[in-house]
Each structure stands twice: as C-alpha cells, then as structure tokens.
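To keep things clear, I will list the structure first and then write my remarks on it.
The values are calculated or read from the model by the stated rules, or taken from the named source; none is laboratory data. Because the structure is a prediction, the values reported are computed rather than measured. Glycine gets a Cβ as well: all are built from the backbone with ideal geometry, and neighbour counts include every protein chain shown.
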Amino acid sequence: MLDLFQRRFEVFQELTRTITTAFNKADVDGQDLFNFETTIEKARFLFGREVHKYLAESRQRMFFIIMNQHALRSTPDGPQRANAEKKVLDALDEMNRFYEGLATLVTPYMRVGQPADPWRSLLDRVQGPTNR
C-alpha cells in the first residue's frame, strides 16, 4: 500500500512540476507537451479513468495553446487576433485550474489504508462476492 501511495504521489508531483515548468515561461512549447505526455503515460495505470480523461483534456488544452501561440506570431492586429488571443487566455485560465482539478481527482487514490472507491467497497460487502 505504501509503495503504491509513493508511486502515485511521485507521479502527481511530476505532473504538477511539468505543468509549472511549462507555464512559468513566456511560451509553452513542444518539449513541454512531450514531457507532459510522458508523465501522463506514467499515470495511466496508477489512477482511474477519470484522472486519465482529465489529463488527456489538459493535454489537448496545452496543444491548443502551443498551436495558437505560434499562429498569433503571424496574425496581424485586428479582430481576428483579438479573438485568438482571447481563446488562448481562456485556455491558459483553464490550465491555471489544473492543480486544483488534479488534486481533487487523485485524492481518493492517495488515502493509505482506504479503498480508492469506498462505495464500491461497501457495495461489495453488502452484495457479497457471488452477487456481482
């Protein structure tokens, strides 16, 4: 149990560190995306589908930011640029909430000595092994 907790916590820290590194500089780049994808793959088998889905959505958002930041460099001033800038800022705002969302999703998996899904455990005890 402690080994699993440690591996999950290390991946959680790596995910947050990867995002912090990416968004503490002027532009997110392809290397940031690659680092995030690599860490997502480490998380795949340590957490449930809901965590992996959240990470995949965050990856898509990061990709969107990278592509639009590159496009903005060649977009002249005007309504089209203002619209693109707003979309990038909205995506950056969503990524700013990454930590809170991730922490909320992984917390049930970080409880040592408690099942990740307490309702499933209760249901199993009530129904018994033969009624599933």
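Would you confirm, using the coordinates I've provided, whether residue 18 is β-branched (Val, Ile, Thr), surrounded by 13 or more Cβ atoms within 10 Å (Cβ to Cβ) and in contact (Cβ under 8 Å) with a residue 12 or more places away in the chain? Yes.
Look at region 84-100: where a residue is without any contact (Cβ under 8 Å) to a residue 40 or more places away in the chain and a partner is loosely packed, with under 14 Cβ neighbours inside 10 Å, sitting 6+ places away or on another chain with Cβ atoms under 8 Å, you get 84/71. The residue pairs whose first member lies in region 28-40 and is without any contact (Cβ under 8 Å) to a residue 24 or more places away in the chain and under 16 Å from residue 53 (Cα atoms), whose second member is charged (D, E, K, R) and assigned to a helix (DSSP H, G or I), and whose beta carbons are closer than 8 Å, counting only pairs six or more residues apart or on different chains, are 37/59. The set of residues from region 23-53 being under 16 Å from residue 101 (Cβ atoms), at pLDDT 85 or above and out of contact with any Leu (no Cβ under 7 Å at 6 or more places or on another chain) comprises 36, 47, 48, 49, 52, 53.
If you take the residues of region 90-132 that are in a loop (DSSP other than H, G, I, E, B) and modelled with pLDDT of 60 or more, which of them is nearest to the chain's Cα centre (by Cα)? Per the stated criteria, the residue is 97. Condition check: at pLDDT 85 or above, farther than 20 Å from residue 14 by Cβ and either among the aromatic types (Phe, Trp, Tyr) or in a helix (DSSP H, G or I) (or both). Does residue 87 satisfy that? Yes. One residue stands out in region 26-61 among those that are aromatic (Phe, Trp, Tyr) and surrounded by 17 or more Cβ atoms within 10 Å (Cβ to Cβ): the one that is farthest from residue 105 (Cα to Cα), namely 36. Taken residue by residue, region 44-63 has no member that is in contact with a helix residue (DSSP H, G or I) (Cβ under 9 Å, 6 or more places away or on another chain), more than 30 Å from residue 1 (Cβ to Cβ) and of a type in the set (S, T, N, Q).
Residue 76 meets all of the listed conditions (1) more than 21 Å from residue 20 (Cβ to Cβ); (2) under 13 Å from the mean Cα position of the chain (by Cα) but one, namely (2).
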